[in-house]
Structures are given as structure tokens and as C-alpha cells.
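The values are calculated or read from the model by the stated rules, or taken from the named source; none is laboratory data. Owing to the predicted nature of the structure, the values given are computational and were not obtained by experimental measurement. Counting neighbours? That spans all protein chains shown, and the Cβs are built from the backbone with ideal geometry, glycine included. Just the protein is used for accessible areas: all its heavy atoms, side chains included, with ligands, DNA and RNA removed. Shrake-Rupley method; radii C 1.70, N 1.55, O 1.52, S 1.80 Å.
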Amino acid sequence: MRALILTDIQNDFLPGGALAVPQGDEVIPIANRLQKNFALVIATQDWHPANHGSFAANHPGKALYDQIDLNGLPQTLWPVHCVQGTPGAELAPELERGRIARIFQKGTDPNIDSYSGFFDNGHLKATGLGEFLKLRQVTDVFVAGLATDYCVKFTALDALALGFKTHLIADACRGVNLEPEDATKAIEEMKKFRLGPLFTPPSLRGTIQRPAVGGGANWAGGGFDPETGMLYVRTTESYTVNQVCKNDGTDADVDVDYSNNCEFGAANGIFSRPDGRPRWASDEPRSTLGPIPLIKPPYAYLVAINLNQGEIAWRVPFGEGSPAIRRHPLLKGVKLPDRLGTGGSAGVLVTKTGLVFIGGGDPYLYAFDKVTGKELWRVATPWRTAANPMTYRSRSGRQFVLIASGAGPDATLTAFALSTGAPTTTTSAAPAPVATTSQSGADAFQRVCQPCHGPDGKGAVAPALVPMTKGQAEVLGIVREGTGQMPPISTRELTDEEVTRIVEHLRSLRN
């Protein structure tokens with residue numbers, strides 16, 4: 001069965017409303033026509049209490065559209081809208097209701113917002129919509145309404161995650177667009193590839209897989225507290241485009257008809273041509289979104305799972321996130337949350353005294369309250385952390401927590417303990433050579449990049465860099481943060497100026 005979900009077509013989201021979506025009223029006649037084509041029609045409705053934590057008016061000193069932390073989740077502060085029992089919260093009077101089987105209300109908890117029609121923003125509680133659709137054997141859902149870049153988008157994404165074949169009726173949606181055309185750009189990027197529910201396989205077109213091929217939590221493992229039965233897991237919210245293609249018979253190492261050694265396949269770069277060039281390389285322009293993911297932040301969480309009950313106890317953002325995202329021109333003027341989330345494969349350390357320590361990706365070691373999930377403390381490390389925290393107790397009884405950071409000449413191990421003053425830091429005994437003078441792009445590439453990316457930047461043990469289509473700012477973010485198996489590279493090893501010259505050098509090798 002197919003179902004139509006009409007998302008938040010309410011007075012406050014129409015022109016003249018408290019949180020008006022530009023041209024929001026244009027979706028109403030389209031929604032009325034669409035209803036006739038569906039046996040099951042559902043509507044969602046924002047239904048906020050007056051003291052809702054997403055309202056800027058409830059946070060003295062804060063302005064509209066500021067970003068705050070609301071009980072561990074990033075929150076945009078909105079105008080007061082869709083308050084329970086007010087005319088603004090009612091469905092638009094022009095919207096035909098005779099075919100609407102049920103209205104699901106969301107955003108009723110003052111402590112957490114709910115963009116999606118299925119769950120609150122922390123995925124802690126369900127609205128009942130998912131179960132309602134499954135009981136009626138719905139297989140396909142079609143999503144329309146307001147607003148494309150918020151409630152419509154997250155309703156569609158949750159429908160996908162729940163296993164429904166999901167279709168976005170773009171003509172029947174309008175976006176808030178805090179930044180011009182953000183919603184349009186995200187939709188256009190997603191249209192290039194196949195989207196589907198959980199376990200949708202790679203495809204000839206290319207499938208957007210979530211989580212990414214590196215997994216959401218399986219690399220890092222978890223930290224278990226045997227006294228409480230709580231499991232603490234760091235999750236990475238990311239995706240991978242994965243494609244399969246027909247084997248053209250030119251590679252003796254590939255003897256199957258189809259593989260994902262394709263332009264957008266997960267195995268791209270594993271095999272190369274006899275001359276060393278990658279078997280698949282594209283000259284097509286990259287996404288106009290650059291390093292901005294198609295999914296909302298946070299991009300990493302610290303999650304506590306109560307194994308006694310089989311439920312998530314709390315889920316909070318972890319990590320500052322990528323500077324490359326924060327400084328992207330498309331997000332200029334947007335007030336981003338303090339914790340965008342830092343993905344990665346490092347895990348956690350849980351202690352008997354009530355703390356969860358975590359690093360991995362940021363130049364900090366963090367400590368969270370293991371009962372509430374509140375971030376209690378963070379301290380700067382010499383470089384970006386790169387592994388699980390460790391602990392030991394000395395013969396005198398003092399306990400230390402250690403974290404590794406940096407790489408190459410900057411590899412360090414930093415120990416922390418109570419009442420010790422400054423941390424103790426140990427640097428690797430055999431540092432690699434450090435550049436003392438600025439070099440040309442070709443020389444800097446040969447010194448730092450060639451061992452992994454090949455003499456011409458066309459791939460070796462690491463992926464091809466030619467043709468170079470990334471911007472200098474994006475490359476700089478990758479170099480400083482490290483991605484995949486690449487460690488972060490410090491300014492002592494490679495200056496910002498040299499990164500710029502390397503990018504120019506690689507662009508000159510395009511042909």
C-alpha cells in the first residue's frame with residue numbers, strides 16, 4: 001500500500017504566520033489534488049507547549065536562529081510557533097481533510113524538538129506513525145509539505161531508515177532556506193544516486209549508503225559498565241556512495257561479472273591500470289556543497305544503551321566537528337552549534353567513578369557524566385587525538401588516563417591525573433624529518449604525499465589525487481584533520497602555504 005504524508009501544513013508556516021515559509025501556501029492546492037491518488041493519507045502537526053525549549057523567547061539574551069545546546073542536542077532557536085490550542089497550530093483551512101485518516105502530533109515535549117513526523121530529534125521517543133503505517137502494510141510513502149529543509153527532510157529520512165520506499169514530492173514542498181537554495185542543492189545532490197531503506201545494496205546508478213562503509217560504531221567498539229549494565233558507544237553519522245559496474249575484462253585480477261571497483265564504488269582505487277593510473281577517475285564537477293554532508297549535524301554521538309532494558313538511555317553530540325564545514329562559504333552567517341560532531345573510529349573508556357572518557361578526531365580529551373551524558377570537561381591535547389583513551393594505576397594507587405595524539409614528528413602520548421598540575425606529555429623518540437623552509441608544490445608533494453598517493457598523484461596505496469577537483473580550503477581541512485586511514489599532518493610537517501602549492505601542482509597534472 002502507498003501512503004501520503006502531509007507534513008506540517010499549518011497556519012504558522014504559511015505567509016503571515018509566526019514562522020512563515022516563503023510561498024508555503026502554494027503547496028495546499030497540490031496537496032489537495034494528491035490526496036485523491038492515495039488510499040491512505042496522514043498529516044503531521046507541530047504541537048508545542050508554550051514553554052518549548054526551541055523558542056528563542058524562552059531563552060533570555062538569545063536571538064532568533066541562534067544555536068544552543070538543548071539537553072545535549074544542538075537546537076536552532078525559532079520564533080514562538082504552533083503552540084497547542086492556538087490558531088497558528090491548526091492545519092491550513094484550505095487543506096482538504098476528508099481523506100486524512102489520522103493526524104500525528106509532534107514536538108509536544110518541551111525538552112526536545114521534533115522535526116521528523118516519526119521521532120523526536122534525539123530518536124528517544126516515537127510518535128507512533130511508523131507503527132501505524134506498518135500495521136496497515138504500507139510499503140511506499142510519499143512525503144510533501146513544509147518545510148523541505150527541516151520537517152519534510154527528516155520525515156523522509158526516518159521513513160527510509162524504517163524500511164519504507166520513500167518518495168519526496170518536490171513540487172509539493174517549500175523550504176525555510178536560512179541560506180538561499182540550501183534545500184534545493186541538497187535535493188539535487190541526492191537525486192544523482194539511489195536512495196532506499198536500510199540494507200539497500202549498491203547499484204549501477206550508485207547508492208547512498210548510511211552508515212558509511214567504515215560503519216557507524218563497529219570499528220570503535222564500546223565501553224561496558226558491569227555494575228549498571230550500561231554500554232557506551234561512540235557513533236559516526238556518515239554515508240558512502242557505493243556503486244557496482246560490469247567488469248570490462250581488462251583487469252586480470254577481477255574475474256567476476258560485476259564489482260564495486262567503479263567510479264563511485266567502495267573499491268575504487270584498489271586496482272589500477274598497468275601504467276599506475278586509477279582504473280576509474282572522473283572529470284565531472286564535484287558537489288557544490290563541498291565538504292558539507294547531505295545529512296544534518298551532529299555527525300557523531302556518544303550513546304548510552306541500557307542493556308537491562310534494551311533501550312537508549314541518552315544520546316549526546318560528541319566533538320567540535322570539521323573546521324572545513326564551519327568556514328565553508330555556503331554557511332557564511334549561519335550560527336552553527338558548538339558541537340557539530342566529530343566522526344571517527346576511536347572508542348571510549350568508562351570508569352567506575354562515573355566518567356566516560358573519549359577522544360578521537362578533535363585536539364581534546366573529553367569527559368562525560370556516565371549517568372546523564374552531560375559533557376563535564378575537556379582539555380586540549382598537543383595535537384588531534386587518534387585512538388581510544390587508556391588507563392592504568394600506579395603502585396602508589398594513583399590512576400592515570402592517557403590519550404595518543406598527532407602523527408609522525410608530532411606523535412605524543414599525554415597522561416592526566418587528579419591534582420598533578422600540567423599534563424605529562426611524551427613525544428615519539430624518532431621523529432620524521434621536519435620541513436624548515438617552504439618548498440615548491442612538486443617538492444612538497446614528493447616529500448609528504450608521494451609515498452602513499454604515487455609519483456604522479458594518480459594513486460598507489462592511497463586513492464588518486466589527480467584530477468584534483470577539491471578546493472584549497474577543503475584539502476587543507478582534510479590534511480589537518482586526517483580522513484580514513486590518513487593521519488593528520490601538522491604545520492611543522494607541511495605548512496598551509498605548501499598545501500596550497502601542492503593543490504596547484506596537482507591541478508597542473510590534470511591532463
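A few comments on the model shown:
- Within the range 127-156, the set of residues being more than 21 Å from Ala92 (Cα to Cα), open to solvent by 40 Å² or more (accessible area, probe 1.4 Å), in contact with a Leu (Cβ under 9 Å, 6 or more places away or on another chain) and assigned to a helix (DSSP H, G or I) comprises just one member, Lys134.
- Remark: pairs (first residue in the range 351-368, in contact (Cβ under 8 Å) with a residue 40 or more places away in the chain and at positive phi; second residue assigned to a loop (DSSP other than H, G, I, E, B) and not charged (D, E, K, R); Cβ separation under 6 Å; 6+ apart in sequence or on different chains) = Gly360/Gly344; Gly360/Ala346; Gly361/Gly319; Gly361/Thr342; Gly361/Gly344.
- Some residue of the range 267-287 being at pLDDT 65 or above, out of contact with any strand residue (DSSP E or B) (no Cβ under 7 Å at 6 or more places or on another chain), under 30 Å from Ser508 (Cβ atoms) and not hydroxyl-bearing (Ser, Thr, Tyr): no
- Restricting the first member to the range 431-458 and to residues that are modelled with pLDDT under 85, and the second to residues that are open to solvent by 60 Å² or more (accessible area, probe 1.4 Å) and β-branched (Val, Ile, Thr), the beta-carbon pairs closer than 6 Å and six or more apart or on different chains are Cys452/Val461.
- Scanning the range 315-347 for residues that are open to solvent by less than 20 Å² (accessible area, probe 1.4 Å) and either at pLDDT 80 or above or within 22 Å of Asp66 (Cβ to Cβ) (or both) yields Val316, Pro317, Phe318, Gly319, Gly321, Ile325, Pro337, Leu340, Gly341, Thr342, Ala346, Gly347.
- Hits in the range 256-266 (condition: modelled with pLDDT of 80 or more and surrounded by fewer than 17 Cβ atoms within 10 Å (Cβ to Cβ)): Val256, Asp257, Tyr258
- Taken together, the criteria place Pro93 among residues that are out of contact with any Asp or Glu (no Cβ under 9 Å at 6 or more places or on another chain), open to solvent by 80 Å² or more (accessible area, probe 1.4 Å) and at pLDDT 95 or above.
- Residue selected from the range 229-244 under the condition free of Cβ contacts under 8 Å to residues at least 60 places away in the same chain and open to solvent by 20 Å² or more (accessible area, probe 1.4 Å), by the criterion farthest from Ala346 (Cα to Cα): Val244
Conditions (1) in a strand (DSSP E or B); (2) more than 27 Å from Leu70 (Cα to Cα); (3) without any contact (Cβ under 8 Å) to a residue 40 or more places away in the chain, marked per residue:
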position	(1), (2), (3)
Gly373	no, no, no
Val379	yes, no, no
Pro382	no, yes, no
Tyr392	yes, yes, yes
Arg395	no, yes, yes
Leu402	yes, yes, yes
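- Taken over the range 93-107, the residue count meeting the criterion of being under 12 Å from Thr44 (Cβ atoms) and of a type outside the set (Lys, Arg) is 5.
- Answer residue from the range 494-511, given it is of a type outside the set (Ser, Thr, Tyr), modelled with pLDDT of 80 or more and part of a loop (DSSP other than H, G, I, E, B) and is farthest from Asp410 (Cα to Cα) among those: Leu509
- Of all the numbered requirements in (1) open to solvent by 60 Å² or more (accessible area, probe 1.4 Å); (2) at pLDDT below 75, Trp219 misses one, and that requirement is (2).
- Extreme residue, surrounded by the most Cβ atoms within 10 Å (Cβ to Cβ), among residues of the range 1-32 that are of a type in the set (Asp, Glu) and farther than 20 Å from Ala159 by Cβ: Asp12
- Selected residue (criterion: nearest to Ala18 (Cα to Cα)) from residues of the range 96-126 that are surrounded by 14 or more Cβ atoms within 10 Å (Cβ to Cβ), β-branched (Val, Ile, Thr) and within 31 Å of the chain's Cα centre (by Cα): Thr108
- Contact annotation: residue pairs with Cβ atoms under 7 Å, 6 or more positions apart or on different chains, pairing a residue in the range 303-329 that is within 14 Å of Asp225 (Cβ to Cβ) with a partner that is open to solvent by less than 40 Å² (accessible area, probe 1.4 Å) and modelled with pLDDT under 90, are Trp314/Gly72.
- Gly98 assigned to a loop (DSSP other than H, G, I, E, B) and either without any contact (Cβ under 8 Å) to a residue 24 or more places away in the chain or over 26 Å from Leu195 (Cβ atoms) (or both): yes
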